[in-house]
Amino acid sequence: MNLAVNSATVLSDLAILEFAGVDTPTFLQGQLSNDVMSITSQKGMLAAYCNPKGRTLATLVLWKASDTPDNEPVYQALVKSDIADALVKRLTMFVLRSKVRIRRLSASAIGLKLENSQAAANAVVPEVNGLNMAALPNQAKAYDVISHPGGISVAAPESRPDTQRWWFIPNEAQTLTLEANASALSQWQTADICAGLPWVEHATQEAFIPQTLNLDLINGVSFTKGCYPGQEVVARSHYRGTVKRRMARGTAHVPAENVASLPGQDLFNLASAHPDAPAGRVVNAAHDGAQVQLLLEVKLADMAQATYRLGQPDGPTVTLANLPYDIEADAG
């Protein structure tokens with residue numbers, strides 16, 4: 001399948017964190033939900049950072065960058081920009097005697113979309129910040145990593161078989177040659193939602209355990225690694241089969257100016273015995289033409305016969321849509 005890069009988007013809603021120092025792998029292994037020791041220079045991962053009660057403070061896309069000139073390991077991560085500074089501060093508190101330096105980079109991530117379509121062929125983006133787009137593989141798997149002279153590309157999950165997406169992380173010294181575009185950013189966020197990729201932001205911190213964000217279904221949690229904050233709660237829910245809520249996708253009609261305030265809002269089920277009681281919550285939202293794409297925390301028992309409303313019992317109707325993976329009560 002021949003794909004062409006037809007869009008490059010400044011992802012201003014994401015921030016890049018950097019972790020450097022000889023103790024970095026061990027430190028991250030003790031903080032995150034996934035097995036950091038399995039990361040290679042060619043493969044990154046999705047992970048969660050939780051509080052001691054197992055509530056998710058952040059979701060991260062993590063990968064290994066080039067070592068420092070002193071051969072110290074360097075890791076980088078994408079997180080939501082509105083929690084990045086607080087996350088650096090909190091993680092730094094737990095460094096203690098470990099030889100780890102944590103900082104937020106000044107560079108912005110760029111979203112690259114490759115499509116197999118005539119529109120893509122007519123709108124090819126040949127180069128961004130010195131990266132030759134022809135060097136990107138057409139059929140990479142999520143979180144594959146490729147290093148370039150101008151930066152690093154990490155494959156993003158994608159729900160459409162005729163599309164490949166990449167996060168491009170330019171070297172910090174490079175000058176960004178793109179301008180932010182709100183419409184293009186919404187399209188990228190919509191693709192994240194359609195792929196079932198959750199991002200924890202300020203409004204939803206500590207609202208979910210990793211399983212209610214489906215992280216165990218999309219390789220964001222390891223149940224065989226060592227301890228990390230909240231690990232006992234996450235493991236107990238897994239092994240006892242007590243995961244009763246999952247993340248679903250939905251659509252609704254909401255004014256574009258209200259979309260940013262949707263994450264964290266309650267969801268109501270008019271078909272339940274208690275229609276005035278919250279039955280779920282919005283995880284992420286993105287404007288998508290005449291409608292809004294949503295990721296939603298919902299009760300598994302409600303999904304077959306739910307009549308969801310957004311924000312309040314008489315709010316906009318939410319129509320459930322498919323995710324590219326199965327939602328299960330327990331991942332086994």
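The values are calculated or read from the model by the stated rules, or taken from the named source; none is laboratory data. All values derive from a computational prediction rather than experimental measurement. Glycine gets a Cβ as well: all are built from the backbone with ideal geometry, and neighbour counts include every protein chain shown.
In the stretch 241-265, which residues are among the small types (Gly, Ala, Ser) and either in contact with a Phe, Trp or Tyr (Cβ under 6 Å, 6 or more places away or on another chain) or at pLDDT 95 or above (or both)?
Our first condition is that a residue be among the small types (Gly, Ala, Ser); within the stretch 241-265, this holds for 241, 248, 250, 252, 256, 260-261, 264.
Within the stretch 241-265, ALA248, GLY250, ALA252, ALA260, SER261, GLY264 meet the criteria.
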Quick check: is even one residue across the stretch 212-221 among the charged types (D, E, K, R), in contact with a helix residue (DSSP H, G or I) (Cβ under 7 Å, 6 or more places away or on another chain) and closer than 16 Å to ALA248 by Cβ?
yes
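Any idea which of ASP276, ASP302, ASP314 is more than 29 Å from ASP82 (Cα to Cα) and either of a type in the set (Phe, Trp, Tyr) or surrounded by 16 or more Cβ atoms within 10 Å (Cβ to Cβ) (or both)? Spell out the reasoning first.
On the way: ASP276 fails: either of a type in the set (Phe, Trp, Tyr) or surrounded by 16 or more Cβ atoms within 10 Å (Cβ to Cβ) (or both); ASP314 fails: either of a type in the set (Phe, Trp, Tyr) or surrounded by 16 or more Cβ atoms within 10 Å (Cβ to Cβ) (or both).
Going through ASP276, ASP302, ASP314 in turn, just one is more than 29 Å from ASP82 (Cα to Cα) and either of a type in the set (Phe, Trp, Tyr) or surrounded by 16 or more Cβ atoms within 10 Å (Cβ to Cβ) (or both): ASP302.
Mind checking whether some residue in the stretch 95-104 is on the phi > 0 side of the Ramachandran plot and outside the structural domain of ASN284 (by TED's automatic domain parsing)?
Pass one, the stretch 95-104, residues on the phi > 0 side of the Ramachandran plot: 96.
Cutting the leftovers down to outside the structural domain of ASN284 (by TED's automatic domain parsing) gives us 96.
So far as the stretch 95-104 goes, yes, one or more of its residues are on the phi > 0 side of the Ramachandran plot and outside the structural domain of ASN284 (by TED's automatic domain parsing).
Out of LEU62, LEU57, which single residue is within 17 Å of the chain's Cα centre (by Cα), touching a residue at least 24 places away in the same chain (Cβ under 8 Å), over 20 Å from VAL145 (Cα atoms) and part of a strand (DSSP E or B)?
Numbers: LEU62 fails: over 20 Å from VAL145 (Cα atoms).
After applying the criteria, what remains is LEU57.
This table checks each residue for (1) among the acidic types (Asp, Glu); (2) modelled with pLDDT under 95; (3) under 14 Å from VAL298 (Cα atoms); (4) touching a strand residue (DSSP E or B) at 6+ places or on another chain (Cβ under 7 Å).
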site	(1), (2), (3), (4)
LEU197	no, no, no, no
ALA203	no, no, no, no
ASN219	no, no, no, yes
PRO229	no, no, no, yes
SER237	no, yes, no, no
LEU267	no, no, yes, yes
LEU270	no, no, yes, yes
VAL283	no, no, yes, yes
Is it true that some residue in the stretch 76-86 is outside any strand (DSSP E or B), modelled with pLDDT of 95 or more and within 23 Å of SER41 (Cα to Cα)?
no
Complete set of residues in the stretch 75-94 that are surrounded by 16 or more Cβ atoms within 10 Å (Cβ to Cβ) and either in contact with a Phe, Trp or Tyr (Cβ under 9 Å, 6 or more places away or on another chain) or of a type in the set (Phe, Trp, Tyr) (or both):
TYR75, GLN76, ALA77, LEU78, VAL79, LYS80, LEU87, ARG90, LEU91
Cβ-Cβ distance below 6 Å, separation of 6 or more or different chains: which pairs start in the stretch 274-299 with a residue that is more than 23 Å from THR56 (Cα to Cα) and end on one that is at pLDDT below 95?
HIS287/ALA256
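Quick one: in the stretch 29-54, of everything that is among the hydroxyl-bearing types (Ser, Thr, Tyr) and outside any helix (DSSP H, G or I), which residue is nearest to the chain's Cα centre (by Cα)? Explain how you work it out, then say what you get.
Restricting attention to the stretch 29-54, the residues satisfying the condition of being among the hydroxyl-bearing types (Ser, Thr, Tyr) are 33, 38, 40-41, 49.
After this cut, where a residue has to be outside any helix (DSSP H, G or I) as well, the list is 33, 40-41, 49.
Numbers: SER33: 14, THR40: 19, SER41: 20, TYR49: 12 Å.
Going through the qualifying residues, I end up with TYR49.
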Examine the stretch 49-65 for a residue that is under 17 Å from GLU201 (Cβ atoms) and among the charged types (D, E, K, R), and state whether such a residue exists.
yes
Counting just the residues of the stretch 153-186 that are part of a loop (DSSP other than H, G, I, E, B) and aliphatic (A, V, I, L, M), which one comes out modelled with the highest pLDDT?
ALA180
